[in-house]
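Read-outs throughout are calculated quantities, based only on the coordinates presented, and are distinct from any laboratory measurement. As the structure is a computational prediction, the values presented were derived from the model and not from experiment. Here Cβ is always computed from backbone atoms with ideal geometry, including for glycine, and neighbour counts include all displayed protein chains.
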Amino acid sequence: MHIKYESFIREPLVEGKKDYHQVSEDIVRPIEGKPGRMWYVGFFFSLVLLGYGLFSVGWAVYWGLGTWGVNRTVGWGWDITNFVWWIGIGHAGTLISAILLLFRQGWRTGVNRAAEAMTIFAVMCAGQFPIWHMGRVWDGFFVLPYPNTRGPLWPNFDSPLLWDVFAISTYFTVSLLFWYSGLLPDFALIRDRAKTKLRKALYGIASFGWTGTVKNWQRHEALSLVLAGLSTPLVLSVHTIVSFDFATSVIPGWHTTIFPPYFVAGAVFSGFAMVNTLLVLTRRILHLEEYITIGHLEAMNKIIVLTGSIVGVAYLTELFMSWYSQSWGEMAAFQWRIMGPYWWSYWAMMTCNVVSPQLFWIKKLRRNVIFTFVMSIVVNIGMWFERFVIIVTSTYRDWVPGSWAYYSPTWTEVGFYLGTFGLFFTCYFLFAKYFPVIAIAEIKFVLKGSGRNFKEKMIGYQDMSDEQFYHAVEASHDDHDDHGHSEEKVAAGAAHH
Amino acid sequence: MAIKKFAVATYTDEAVLFPAVKKVRKSGYKLHDVYTPFAVHGLDVAAGHKTTDLHIAGFIYGICGTSTAVGFISWVYTADWPQNYGGKPHFALPAWIPITFELTVLFAAVGMVLTFCYLNQIMPGVKKHVFHPRQSDDTFVVAIELPESASEKEALDFLKSTGAGETNIQVAEASWWYGRFDKTEPYELAAAGK
């Protein structure tokens, strides 16, 4: 037997008695079986929402953006609010799969696949808003720098709005590639297990003919690591650039240098909340509680309380800076935010984002599934209000009091927003049915170090003296020499050398 | 297409697999490949592979992205159509950093993934021989390429001596081809008939 020792202070990442085959069985089961009634109901409801969204957008395109409630000063209403909200949600997946990979956080393996899928779907939803906001959407390709008959007249490369085009399309592409390269081995598993011809053929195509040779795996590891290295600054750059849309303007309330870090923290905050929303449901409906454990939820709740606090500090810093600037416009903007006609949105934001996540300092609540679920919804509501507050309450009163107006959305804007929920959940339901929602190969990779039954085999080693431990390790290595499992058996390796 | 004969062995424990792979390499048999359901660290070294240069390719693609962005935007704004945007200089390098960064990442990622697919010879529609239906599940598979002159029995006995579970002889396509995984290939039918 080979010793892979990991301290018991670390919770097992996989609960229950598992071996490699059991892991495959557990995670592939929903794909091979028929979905439950809940799946059909949910999928149907998502399609209805998507249909309503298409109708609302179609209406706005046919009659023009005059059917939206946006007016002279509030040019960006619900649509850009929703854009920033969705793109923020789309930050958790890559954070989990890339940054936590670089930090060697083993717990990411349980949640990265679903979180990355969520990222891709959220970015798809986000992308709809600036596209349909163009109004004359058939001219949307004007944002691309292509040789044209108008000069050629190029897009403005100095503008944050064009930076957004590049940032979001790059982010979507790279996330998709990262996600799909991880899916290849799992599709190969489904293909090799498949009992029906159709499934074998389709997953055969989806797996690209992956067979898992040593060299293929070596390149796969290299690819994952470099893509993680590339995605880490990428994920930080995307919301930074989104924040430039506001920060580079000279509108009071937008014109602040704190926006990039503040937006990134808020993105991680809302993204992890959405991951929690989805995973609490997914683990329950697909019976994956042994893979997405309470420990996973707790880890994400810790990140929520951290980023929620960062966002809170950012809100207070904004208030301080508006006073410290002693600029009439800045001070008025923040005074109206707090006490003006939109006071309710400011205080909804403060309550949901800053006050309520502080409850996660209590360990019992961090590990409570129902509380986690409720909080994840609360945080997402709060983060929606944050974007609403930034966009609407900075613009509804401009320098000319005669153009001050109260902005409310019309049914087309609300329908558009609901439609993106339809798009998001349609994609997620299809994903949960046809894709392995947990990275099977990665779980197998950590199983012998962090699975509960494998950890329990190591209990005897906990109480050994150094000398006894040394002899035990020597005995276990008698029949073969060291062959490179070194990073998983830190203690054993230390005794060995 | 090259149909070859293989002696195939399965293992279920990494601790047995590693010495087995080393013994195969010392034995003089030609190791065709080792198939694993997940990445097994150190197996590439045990199987005699050098480290991959994929990341160097990624770096080169990234540099291509950087120079494309800087080169193109500076050509547009200094030569093709200089414009005054808010009093910024025509060569406004700081304003181009975001797009330059994004294109660097985009080129590196897309280029690396395409190179990865090319080197591994994987693509939608590509088919390869699967030596064991559980090689993507819980079984490690070692395949030795057998010349016609070699004794099948000796090879299987040798594999058994390394601690293998199942062992068998398979005649199969060694490389990749365009095909569907639900179809049985002619060489598989011939092997079954024999």
Inset, instruction - Over all alpha-carbon pairs of the protein assembly as shown, lay out the pair-distance distribution in 20 Å bins, whole %, shortest bin first. - result: 16, 45, 30, 9, 1
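Can you give me the relative contact order of region A:256-318 as a percent, contacts being Cα pairs under 8 Å and 6 or more apart? Working shown, then result.
Numbers: 29 pairs, mean separation 35.2, N = 63.
Contact order relative to length: 56 percent.
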Inset, instruction - Please find the FRET efficiency linking A:Met331 to A:Phe44, where r is the Cβ-Cβ separation and R0 is fixed at 51 Å, and quote it to the nearest 0.05. - result: 0.50
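Considering every pair of different Cα atoms, what Kirkwood radius, in Å, is found for region B:55-194? Spell out each step's value before the answer.
Details: mean 1/r = 0.0490 Å⁻¹.
Kirkwood hydrodynamic radius for region B:55-194: 20.4 Å.
Could you tally the net charge around B:Asp138, taking each other residue with its Cβ under 9 Å from the Cβ of B:Asp138, Lys/Arg +1 and Asp/Glu -1? Provide the component values of the computation, followed by the final result.
Working: positive: A:Lys444, B:Arg134; negative: A:Asp19, B:Asp137.
Here the count lands on 0.
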Inset, instruction - Pop a pseudo-label 7 angstrom from the Cα along the beta-carbon direction at both B:Asp80 and A:Met321 and give the gap in nm to one decimal. - result: 3.6 nm
Inset, instruction - Return a whole-number percent for the relative contact order of chain A, with Cα pairs under 8 Å and 6 or more residues apart as the contact set. - result: 34 percent
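Taking the Cα centre as origin and putting +1 on Lys and Arg beta-carbons and -1 on Asp and Glu beta-carbons, what dipole magnitude results for chain A, to the nearest 20 debye?
So the magnitude is around 1380 debye.
Rank-order A:419-427, A:339-347 by packing density, defined as the average count of other C-beta atoms within 10 Å over each peptide's residues, highest first.
On the way: A:419-427: 20.9, A:339-347: 15.2.
Packing order, densest peptide first, comes out as A:419-427, A:339-347.
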Inset, instruction - Please work out the Cα center distance from region A:407-438 to region B:67-141, rounded to the nearest Å. - result: 29 Å
Legend entry - Integer Hz, Karplus 6.51/-1.76/1.60 couplings in order for region A:86-95, x for Gly and Pro: 5, 5, x, 4, x, 9, 5, x, 6, 4
Inset, instruction - Treating the angle as unsigned and between 0 and 90°, give the value, to the nearest 10°, between the Cα long axis of helix A:214-247 and the longest Cα principal axis of chain A. - result: 20 degrees
Inset, instruction - Enter the Cα centre distance for the pair region A:267-313 and region A:152-169, rounded to the nearest angstrom. - result: 34 Å
Legend entry - Shielding score for A:161-173, defined as the mean number of other chain Cβ atoms within 10 Å: 4
Legend entry - Helix axis angle, B:152-161 relative to chain B longest principal axis, alpha carbon, degrees: 80 degrees
Legend entry - Shielding by other protein chains, A:19-29, mean Cβ within 10 Å: 3
Legend entry - Selection from A:Pro261, A:Val214, B:Ala7 lying farthest towards where the dipole of the protein assembly as shown points positive, charges on Cβ: B:Ala7
Inset, instruction - Identify the trypsin sites (Lys or Arg not before Pro) of region B:124-187 meeting these criteria: DSSP loop state and at most 16 other C-beta atoms within 10 Å of the C-beta. - result: B:Arg180, B:Lys183
Legend entry - Inter-site label distance for A:Ser249 and A:Tyr62 at 7 Å from Cα along Cβ, in nm: 3.1 nm
Inset, instruction - Enter the angle in degrees (range 0 to 90, nearest 10) between the Cα long axis of helix A:37-63 and the first principal axis of the Cα atoms of chain A, meaning the one along which they spread out most. - result: 30 degrees
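By the scheme Lys and Arg +1, Asp and Glu -1, what is the net charge of all other residues having a beta-carbon under 15 Å from that of A:Asp164?
On the way: positive: A:Arg387; negative: A:Asp79, A:Asp158, A:Asp245, B:Glu102.
After counting each charged neighbour, the total is -3.
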Inset, instruction - Enumerate the amide H contacts of A:Ile258 below 5 Å, restricted to partners 5 or more residues apart or on another chain; note that Pro and chain-start residues carry no placed amide H. - result: none
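Find, among the chymotrypsin sites (Phe, Trp or Tyr not before Pro) in region A:1-94, those assigned to loop by DSSP (not H, G, I, E, B) with at most 13 other beta-carbon atoms within 10 angstrom. Show your work: numbers first, answer last.
Details: sites: A:Tyr5, A:Phe8, A:Tyr20, A:Trp39, A:Tyr40, A:Phe43, A:Phe44, A:Phe45, A:Tyr52, A:Phe55, A:Trp59, A:Tyr62, A:Trp63, A:Trp68, A:Trp76, A:Trp78, A:Phe83, A:Trp85, A:Trp86; in loops: A:Tyr5, A:Phe8, A:Trp68, A:Trp76.
The qualifying sites are A:Phe8.
Sort A:261-273, B:17-29, B:105-117 by the packing proxy (mean of other Cβ within 10 Å over each peptide's residues), most packed first.
A:261-273, B:105-117, B:17-29
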Legend entry - Derived scalar couplings ³J(HN,Hα) [region B:12-18; Karplus, 6.51 cos²θ - 1.76 cosθ + 1.60; whole Hz; x for Gly, Pro]: 10, 10, 4, 5, 8, 4, 4
Inset, instruction - May I ask you to evaluate 6.51 cos²θ - 1.76 cosθ + 1.60, the Karplus curve with θ = phi - 60°, for each residue of region A:287-295 and list the ³J(HN,Hα) values in order in whole Hz, giving x for glycine and proline? - result: 6, 10, 4, 7, 9, 9, 8, 4, x
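If you count, for every residue in B:124-136, the Cβ atoms of partner chains within 10 Å of its Cβ, what is the mean? Numbers along the way, then the final one.
Working: counts 6, 4, 6, 5, 6, 1, 7, 1, 1, 4, 6, 6, 16.
What the average comes to for B:124-136 is 5.
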Legend entry - Summed residue charge, Cβ within 15 Å of A:Phe129's Cβ, Lys/Arg positive, Asp/Glu negative: -3
Inset, instruction - Any chance you could check the Cα centroid distance between region A:195-265 and region A:5-46 for me, in angstrom? - result: 24 Å
